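What follows is a set of notes on a single structure, which appears directly below.
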Amino acid sequence: MKTPTKTGKKAASTVTLKEQAYQAIREQILKNHLPSGTPLTEEQLSAALNISRTPIRAALQKLTYEKLTIQDATGHIFVSTITRKDVENLTVLRARIEPLAIELASFPIDAEKIELLKKDCSVQSALVKEHPEDDYRYAILDTQFHTDIAALCDNSILADTFNYLAPTVIRVHILTGTLNPYKETAIEEHLELIHYLERGKKDFAMLALKEHVMQVGNRIMTSL
């Protein structure tokens with residue numbers, strides 16, 4: 001029988017490998033380096049990542065839960081496909097739940113939370129100036145801003161819902177190539193939202209966020 005110490009170390013190592021596998025595969029899907037419909041096998045991924053099959057299997061289960069991969073009736077796993085209907089559904093849902101975070105938030109918003117949102121925008125602006133071609137990093141930062149908005153209300157279920165949607169949001173941006181022409185516009189819309197939040201104008205902030213999400217959705221839809 002193994003000692004508790006060794007068992008604990010083994011468990012920690014397995015968790016780490018699972019997370020490594022998950023992050024590596026997830027990034028390749030989000031960047032569209034693994035396009036929609038690409039078959040994924042434990043053997044293939046294990047060899048490519050130099051990670052054993054057990055952590056790979058766990059990573060694929062998590063990716064399937066996040067809808068980044070799908071499993072057919074025979075057990076084969078593929079990178080999922082994003083449809084026009086998926087984008088419509090995503091936009092409608094975001095336009096409902098993100099303003100709800102503001103509605104449920106306690107006003108005035110804490111100064112620390114406002115500063116965090118401003119920092120998000122500042123980092124986005126710096127990236128656009130220094131690396132305007134880096135759509136993936138921009139999409140990550142953009143999603144972080146919206147994650148911080150969702151956290152304003154201290155409602156963990158609402159925040160978890162947005163976190164669940166976040167990978168699909170990032171993937172849609174990358175797949176449709178709609179970020180580049182509108183990066184600065186999106187940042188300006190973020191700053192307008194912060195302006196209303198900072199001044200305690202809840203209704204204006206909710207409307208600004210809803211319009212922002214709908215505009216982003218429309219930009220994506222016109223590209224499909």
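List the aspartates and glutamates whose alpha-carbon lies under 17 Å from that of Lys113, not counting same-chain residues fewer than 8 positions away?
Filter leaves Glu98, Glu103, Asp142, Asp148, Asp154, Glu192, Glu198.
If you find the alpha carbon centre of the range 30-60 and of the range 62-124, how far apart are they in angstrom?
23
Can you give me the convex hull volume of the Cα atoms of the chain, divided per residue and expressed in Å³? Can you show the working numbers first?
Details: hull volume 36.0 nm³, N = 224.
So the per-residue Cα hull volume is 161 Å³.
Report relative contact order for the chain in percent, whole number only (criteria: Cα-Cα under 8 Å, sequence separation at least 6). All intermediate terms of the calculation are to be shown ahead of the outcome.
Values: 240 pairs, mean separation 54.9, N = 224.
Result for the chain is 25 percent.
FYI, it's all coordinate maths here, none of it is from the lab. All values reported here derive from a predicted model rather than from experimental measurement.
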